[in-house]
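Presented below is the structure to which this report refers.
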Amino acid sequence: MGNNKQRRFKGHRNHRSQSSRDQQFILDDESQSSIEVTNEGESAVPKIQLAMWDFGQCDIKRCTGRKLSRFGLLKELRVSNGFGGIVLSPVGKQCVSREDYPLIKKKGLAVVDCSWARLDDVPFVRLRCSAPRLLPWLVAANPVNYGRPCELSCVEALSAALTICGEEETANLLLSKFKWGHAFMSLNRELLKAYSECENSSDIISVQNAWLSQQSQIQRTRLDAVAHEIERQGSSDSEDDLPPIEMNMNHLNRIESDEESE
């Protein structure tokens, strides 16, 4: 009887030990899985080599380029560093397009981080790059310049160029680091799609000008409709058979009676 009790006790202890080991295995598996997920998240790096010249003109807390650098998504360059890929720069002579993709894929894509209000202070001539490019007409979605055409932040400029060249996945990766990032794609979805279907810079300029002309026509139509509505309301007021205030005879008679009483 005592032996039976001892056996039950030992069996119970073995069961508890086995349960503890099983629980430990489960915890180890969960820990390993968490590390793998974390490692996968950290390994999400752009397929394209990205870089930036930073001239320190922007607010550090709002600088999108520096934030991308902290995430390890782009490399910061010194002024003395050259760059053999495509560079988004105001001194470019043509727009970035799909014909630039082979060079971007091979050598990368860079941007100049500076303030739009201080472009004259940036020594663009000192930046050694063989392929400067412009961006076509797009609207900013960043909190500083929201709704303003062409005044894009670094992450918007890079994402726009990547999308135009067919690297939308990489563009979305960059924008996902910002709460407002999705808004840039939403505001410019139609244009970015049209630009991405162009083969070269000339085609992009044609699409840009056609779109701006269309928007201008839509704006004129809206203004004409507003003017017509104002005119219609003015004509309906005159249908009350009341003369204008300056020709109101009752008003004139009242003035004359006041003069006679004096």
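Each value in this text was obtained by applying a stated rule to the coordinates, not by laboratory testing. From a predicted model like this one, the values you see are computed outputs, not experimental measurements. Virtual Cβ from ideal backbone geometry, glycine too; neighbours counted across all protein chains shown.
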Between LYS106 and ARG62, what is the label-to-label distance in nm when each label sits 7 Å out along the Cα-to-Cβ direction?
-> 3.9
Highest-first arrangement of 174-187, 152-165, where packing means the average Cβ count within 10 Å | 152-165, 174-187
Excluding residues fewer than 8 positions from LYS61 in its own chain, the lysines with Cα under 17 Å of it are LYS177, LYS179
Evaluate 2.2 N^0.38 Å with N set to the residue count of segment 152-235, then give the Cα radius of gyration divided by it.
-> 1.50
Full-stretch length increase - CYS150, SER176 - with 0.36 nm per residue and alpha-carbon distance subtracted = 7.3 nm
Mind giving me the FRET efficiency for LYS75 and SER202? R0 is 45 Å, r the Cβ-Cβ distance, nearest 0.05 is fine.
-> 0.90
